[in-house]
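Heads up: the structure comes next, in structure tokens.
The values are calculated or read from the model by the stated rules, or taken from the named source; none is laboratory data. Just so it is clear, the model here is predicted, and its values are computed rather than measured. Note that each Cβ is placed from the backbone with ideal geometry, even for glycine, and that neighbours are counted across all protein chains shown. Note: accessible area is taken over every heavy atom of the protein model, side chains too, but ligands, DNA and RNA are not part of it. Shrake-Rupley method; radii C 1.70, N 1.55, O 1.52, S 1.80 Å.
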Amino acid sequence: MTSFADLDLDPRVLKAVADAGYRQPTPIQADAIPYALEGRDVLGIAQTGTGKTASFTLPIITALLKGRARARMPRSLILCPTRELASQIADSLAVYSRHVRLSRALLIGGVSFAEQDQLITKGVDVLIATPGRLLDHFERGRLLLTGVQIMVVDEADRMLDMGFIPDIERIFRLTPFTRQTLFFSATMAPEITRITKEFLQNPARVEVAPQASMSENTAQHVCVFRAGHRSREAKEKRIVLRSLIREQGDRLTNGIVFCNRKSDVDIVARSLQVHGFSAQAIHGDLDQKQRMRVLDSFRNGDIVLLIASDVAARGLDIPNVSHIFNFDVPNHAENYVHRIGRTGRAGRSGSAFTICLSPRDDRDLSDVERLIKQAVPRLALPQSAEEEIRTLGSGGRGRPRSAARANRPSKSVADKPCSTADEGRKKRGQRSRQIRDARPAPPKAPDGPVQGMGSHVPDFLKTSFTKRPSSSP
Ligand code: AMP
């Protein structure tokens, strides 16, 4: 097994690592650090929690020990999606560089420009920044990126989720072609692959295999069901989710509901709120303050259910939770392991429930089971869910068959009962009466015979012989 001493790190860096209490490099560190020290580009596929921050900061510190930074020209650049992550990296860097002299600056929103500008002017060895703030400084002419020797892109998939990819491409183009790039992402979406192909040169690919074993303290279940009707799939899944949550009763102290799509995160959160659950959404679109507020509320128990996407939950320090609910089977099997890993920690017991819409999600479920090398125990559809879905389909109990219409997002979120068919008819009647009332009254037919028409003239014909009312008011 590799030890830190086997890695070609500067002795002062090794000392700082020992001070931090690290005994052994994590797999991503053992794999990535040698390539990074050789000066190669690295494509690291790893999540937060794997020790990836040290896998790029330790070689950066070692590499930058020779040479000095010039004014306004940082020697290395670490880009990350959020202020929170940027601050965490800055803190780690401070720990690992405590025995050497390296200057660093943090360019993030919420900190005064003047203060940041002062630091950059003095010359910075390591600049840690979010893309927007970095480009602000560049556009003001306060920063040059032509001195960047090493550039790190951290949590690229979260950058993608937050719409930062065009900024990242621009920043890449502002740095020298000869730079070394260390690029990290937890998953490789096609857009991420495209960027790595364009901006990385012959990268060494290092990947942290997702844990293949699951916590034995976590009881897993999957509820496989077929939707009664395609147009109601999402609604039926929400019914199943509510039933699963209710069935847990007091066993559920707090839980995370994972959705594959960002758009579903909001819909599911609102639906749960409408049904009286204590639930809040967390996604990448929330600003830092809002995210922190939601997380704090979840940590201190004010919110019981946190609704999240994989990307939004990544990197968040979320405490052990009693329950995980997968509103969808994850598209990437490894995300299943990461989701479930949020429960059953530190010897405590946890439960995980996955909703699998058959046949659509069958393949994703097989991928999960192949990865974790076990079958997830099947759970029958909760009876309450079955009944509610049946009611939905049959239009029974005063609900019209057209209840499917209520599946449009605005209505279905609230899951409001539709008006009854009778009410609908009554409303339609009222409307047509109103329309009729708004029309001018037909002229009264003249009494008596009409010349040239004999004595059997139908009433409607009589009107044609009278003066028609003018159409103008
Ligand atoms: P990261 O994935 O970089 O956010 O690191 C996750 C946590 O692991 C941080 O709290 C680090 O301090 C810690 N860590 C990083 N490397 C090691 C290591 N080699 N041994 C023990 N802990 C580590």
Cβ pairs under 8 Å, 6+ apart or interchain, first in region 89-111 and within 11 Å of D125 (Cα to Cα), second surrounded by fewer than 20 Cβ atoms within 10 Å (Cβ to Cβ), ordered by first then second residue, are L102/L65; S103/L119; S103/K122; S103/G123; R104/A90; R104/A94; A105/L119
Filter region 31-52 for residues that are modelled with pLDDT of 95 or more and within 12 Å of the ligand (Cβ to nearest atom); the one that is surrounded by the fewest Cβ atoms within 10 Å (Cβ to Cβ) is I33
Output the residues belonging to region 107-132 that are farther than 12 Å from S76 by Cα and either open to solvent by 40 Å² or more (accessible area, probe 1.4 Å) or among the acidic types (D, E) (or both). G110, V111, S112, F113, A114, E115, D117, Q118, L119, T121, K122
When you go through (1) more than 21 Å from A234 (Cα to Cα); (2) surrounded by 20 or more Cβ atoms within 10 Å (Cβ to Cβ); (3) at pLDDT 80 or above; (4) not aliphatic (A, V, I, L, M) one by one for C356, which number turns out not to apply? (1)
On the given criteria, is P81 in contact with a Phe, Trp or Tyr (Cβ under 9 Å, 6 or more places away or on another chain), within 16 Å of the ligand (Cβ to nearest atom), assigned to a loop (DSSP other than H, G, I, E, B) and not acidic (D, E)? yes
Which one of these does H283 not meet: (1) surrounded by fewer than 16 Cβ atoms within 10 Å (Cβ to Cβ); (2) within 25 Å of S243 (Cβ to Cβ); (3) at pLDDT below 85? (1)
Filter region 53-77 for residues that are open to solvent by 10 Å² or more (accessible area, probe 1.4 Å), of a type in the set (G, A, S) and touching a helix residue (DSSP H, G or I) at 6+ places or on another chain (Cβ under 9 Å); the one that is nearest to V153 (Cα to Cα) is A63
Filter region 6-30 down to residues that are open to solvent by 70 Å² or more (accessible area, probe 1.4 Å) and at pLDDT 95 or above and give me whichever is nearest to the ligand (Cβ to nearest atom). K15
Of (1) of a type outside the set (G, A, S); (2) under 26 Å from the mean Cα position of the chain (by Cα); (3) within 12 Å of the ligand (Cβ to nearest atom), L58 satisfies every one except (2)
Exclusive hit being closer than 27 Å to H338 by Cα and surrounded by fewer than 20 Cβ atoms within 10 Å (Cβ to Cβ), set T146, T187, T178: T187
E334, sole failed condition from (1) out of contact with any strand residue (DSSP E or B) (no Cβ under 8 Å at 6 or more places or on another chain); (2) modelled with pLDDT of 95 or more: (2)
Only one of (1) open to solvent by 40 Å² or more (accessible area, probe 1.4 Å); (2) within 12 Å of the ligand (Cβ to nearest atom); (3) within 21 Å of P131 (Cα to Cα); (4) more than 27 Å from the chain's Cα centre (by Cα) fails for Q88. Which number is that? (4)
